[in-house]
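Asker: One structure is given below, represented as structure tokens, and several questions about it will come after.
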2 protein chains.
Amino acid sequence: MPETRAKARLYIAADLNGGGSVDLTGGQSHYLRHVMRLGAGDAVAVFNGRQGEWKAAIGEGGKGPCRLEVDRQIRPQQDESDLWLAFAPVIKARTDFLVEKATELGVSRLLPVFTEYSATRRVNGARLSAHAVEAAEQCGRLTVPCIEEATPLAAVLRKWPGDRTLLVMDETGGGLPLNRVLAMDDAGKGYGRPCGILTGPEGGFAPSELDALDDLSFVKRTGLGPRILRAETAALAALACWQSMVGDWRDS
Amino acid sequence: MPETRAKARLYIAADLNGGGSVDLTGGQSHYLRHVMRLGAGDAVAVFNGRQGEWKAAIGEGGKGPCRLEVDRQIRPQQDESDLWLAFAPVIKARTDFLVEKATELGVSRLLPVFTEYSATRRVNGARLSAHAVEAAEQCGRLTVPCIEEATPLAAVLRKWPGDRTLLVMDETGGGLPLNRVLAMDDAGKGYGRPCGILTGPEGGFAPSELDALDDLSFVKRTGLGPRILRAETAALAALACWQSMVGDWRDS
């Protein structure tokens, strides 16, 4: 039988194994039937963040939620970048965009943080999760980044693991250029070394926040050039540079 | 007299010199009066892409367009990155976003190109220019990137200057990782060396397009890792890596 290429890719919560079946949600069923216009027998790829990616086929059925018949594993689960992004949320459309791009750029964990100059205090976690799932499905990741509840910066720093470098994007010029920081051996080099990136709101960090950050042994302040980048641009730029210089773009 | 910080920053077409005045457009006047809530005597910074940045003050006046009284130069004109971005336009909101981010990331010239798999054939140049101007005003640039008319890829390549490296973001894995390409001496290192980046539409380049690119001495194919990036993500990621590794982020 000739190989049929999966026409859609879905993240599901259930365990995956050959011969089993998976019931989709109403939203996923709608997407397959009415957006992708697929029907019984069409191939769909599924992943759950734990057991790789599997080929499945849409089962026979009426108008209710789709059931997928799971066939066989097409990609084993792999180690992915251990890269966190702590970011001060900005207005809704820009935060949505940031979550989508951070997912494509391989972030493993997203931590919305409130800082002194944060203009936005409300974060809709379910909305951000939906964007992360959609981006993970689209970009071929085998995981969906974990999205934490929004938390004040001080609390995030108190719980930050001491062995995880935190690269702070500092607009005041108080740090070395990012390429130099990433070239240093101890800056979270390679997949194995845990790293995090912190970006502030429009307006940057308060002087007292920068002072507090400087007191932490795992913090490195770094800069992204002479122009004033929007908050989400700084986050995406830092993630791209990290992947290119020390992450999984180096090998491909 | 104590220094008043400019509360707004505007790009204008007119020549700038101390003691002169500049008439703003209706849109700029509305922005100053009704968005920024500024009035007569308030400080505004202006730049025109040729003569640096100047401090000006809103003149007295009625309800018509504002006139600015230009005071003195606060930043001289500087050399900026000689970096072009040729990109296949995507849907409207994502192209708007791409133009905004490319401006923040220091692109000097934007070339919308139509490729074989381009899904979007309409590009509103005036709309893209407005986004570029707004982003340039916001990020502190002294220029606004030039936006060319949308053109088929083959025509762009025919006119491409032979001394300008063209880094082609190739999803097929047919190139070296970007960090390695940028580390090579001839890859457009530093401000002085002209460079361009080319990104395709969703779906990438056609095999015939990649073959044609390979025949050109100034082309280098390069990759951005194992995940499938959206078209605008690939463009932004490549620009950020270029600025960080060989552009104006290195020195700051």
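Asker: Rounded, prolate or oblate: which one fits the protein assembly as shown, using the alpha carbon gyration tensor with axes a ≥ b ≥ c (rounded when a/c is under 1.5, else prolate when a/b beats b/c, else oblate)? Could the numbers behind the result be given before it?
Answerer: Values: a/c = 1.71, a/b = 1.49, b/c = 1.15.
Verdict is prolate for the protein assembly as shown.
Asker: If you put a point 7 Å past Cα along the Cβ direction, how far is that point for A:Arg109 from the same point in each other copy, in nm, smallest first?
Answerer: 4.6
Asker: Right, something else. Going down the table (B:Lys7/B:Lys63; A:Lys220/B:Lys92; A:Lys7/A:Lys159; A:Lys159/B:Lys92), which pairs top 32 Å between alpha carbons?
Answerer: Check vs 32 Å cut-off fails for A:Lys220/B:Lys92; A:Lys7/A:Lys159; A:Lys159/B:Lys92.
Asker: Sorted from largest down, give the three principal axis spans of the alpha carbons of the range A:83-245, whole angstrom values.
Answerer: 36, 34, 32
Asker: Next question. Indicate, rounded to the nearest 5 percent, the antiparallel portion of the DSSP beta bridges found entirely in the protein assembly as shown.
Answerer: Among the beta bridges of the protein assembly as shown, antiparallel pairing accounts for roughly 35 percent.
Asker: Moving to a separate point now. Name the nearest-to-axis residue of chain A, judged by Cβ distance to the rotation axis taking chain A onto chain B, and quote that distance in whole Å.
Answerer: Result for the A and B rotation: A:Ala240, 2.
Asker: For every helix of n ≥ 4 consecutive DSSP H residues, a contribution of -39,500 (n - 2.57) applies; sum these over the protein assembly as shown, divide by its total residues, and give [θ] at 222 nm rounded to the nearest 500 deg cm²/dmol.
Answerer: Result for the protein assembly as shown, helices only: -8000 deg cm²/dmol.
Asker: In nanometres, what is the gap between the two model label sites at A:Arg5 and B:Asp214, each 7 Å from Cα along Cα-to-Cβ?
Answerer: In this crude spin-label approximation the distance works out to 1.9 nm.
Asker: Between the label point of B:Ala183 and that of the same position in each other copy, find the distances and list them shortest first in nm, with every label point placed 7 Å from Cα along the Cα-to-C-beta direction.
Answerer: Inter-copy label distances (nm, one decimal, shortest first): 1.1.
Asker: Moving on. Which whole number gives the average, over all residues in A:232-240, of C-beta atoms from other chains lying within 10 Å of the residue C-beta?
Answerer: The per-residue average across the peptide is 5.
Asker: Express in nm, to one decimal, how much length is gained between B:Asp96 and B:Arg37 on full extension, taking 0.36 nm for each residue of separation and deducting their alpha carbon distance.
Answerer: Computed gain between B:Asp96 and B:Arg37 is 18.6 nm.
Asker: Could you tell me which of rounded, prolate or oblate describes the range A:46-148, using a ≥ b ≥ c as the square roots of the eigenvalues of the alpha-carbon gyration tensor, with rounded for a/c under 1.5 and, failing that, prolate when a/b is larger than b/c and oblate otherwise?
Answerer: Cα axes put the range A:46-148 in the oblate bin.
Asker: Mind ranking B:146-156, B:193-203, A:172-182 by how tightly packed they are, going by the mean number of other C-beta atoms within 10 angstrom, highest first?
Answerer: For the peptides B:146-156, B:193-203, A:172-182, the packing ranking is B:193-203, A:172-182, B:146-156.
Asker: So, one more: Give the long-range amide H neighbours of B:Phe114: residues separated by 5 or more places, or on another chain, with amide H under 5 Å away, using H modelled in the peptide plane at 1.01 Å from N.
Answerer: Excluding prolines and chain starts, which carry no amide H, the hits are B:Thr151, B:Leu153.
Asker: Right, another one. Want the number for A:Arg109 to A:Lys159: 0.36 nm per residue separation, take away the alpha-carbon distance, what's left?
Answerer: 16.6 nm
Asker: May I pose another question? Measuring nothing but label to label, 7 Å from Cα along Cα→Cβ, what are A:Asp96's distances to the other copies in nm, shortest first?
Answerer: For A:Asp96, the other copies' label points sit at 1.2 nm, shortest first.
Asker: Relative to the first principal axis of the alpha-carbon coordinates of chain B, what is the inclination of helix B:92-104, with its axis defined by its Cα atoms, in degrees from 0 to 90 and to the nearest 10?
Answerer: Tilt of helix B:92-104: around 70 degrees.
Asker: Between B:Ile197 and residues 5 or more places away or on another chain, which pairs have amide H atoms under 5 Å apart, with H built 1.01 Å from N, and which residues are they?
Answerer: So B:Ile197 has HN proximity to B:Trp84, B:Leu85, B:Ala86, B:Leu167.
Asker: Moving on to the next point. Sort B:Ser81, A:Ser208, B:Ser118, B:Ser244 so the one with the fewest other Cβ atoms within 10 Å of its own Cβ comes first.
Answerer: Ranking B:Ser81, A:Ser208, B:Ser118, B:Ser244 by Cβ neighbours within 10 Å, fewest first, gives A:Ser208, B:Ser118, B:Ser81, B:Ser244.
Asker: I've got another one for you. Using a simple spin-label model with points 7 Å from Cα along the Cα→Cβ vector, what separation in nm is obtained for A:Gln51 and A:Arg121?
Answerer: According to this spin-label approximation, the distance is 4.5 nm.
Asker: For B:Gly20, list long-range residues whose amide hydrogen, built 1.01 Å from N in the peptide plane, is under 5 Å from its own amide hydrogen.
Answerer: B:Val70
Every number here is computed from the coordinates shown, using simple stated rules; none is lab data. Small disclaimer: the values here were computed from a predicted structure and weren't measured. Cβ atoms come from the backbone with ideal geometry, glycine included; neighbour counts cover every protein chain shown.
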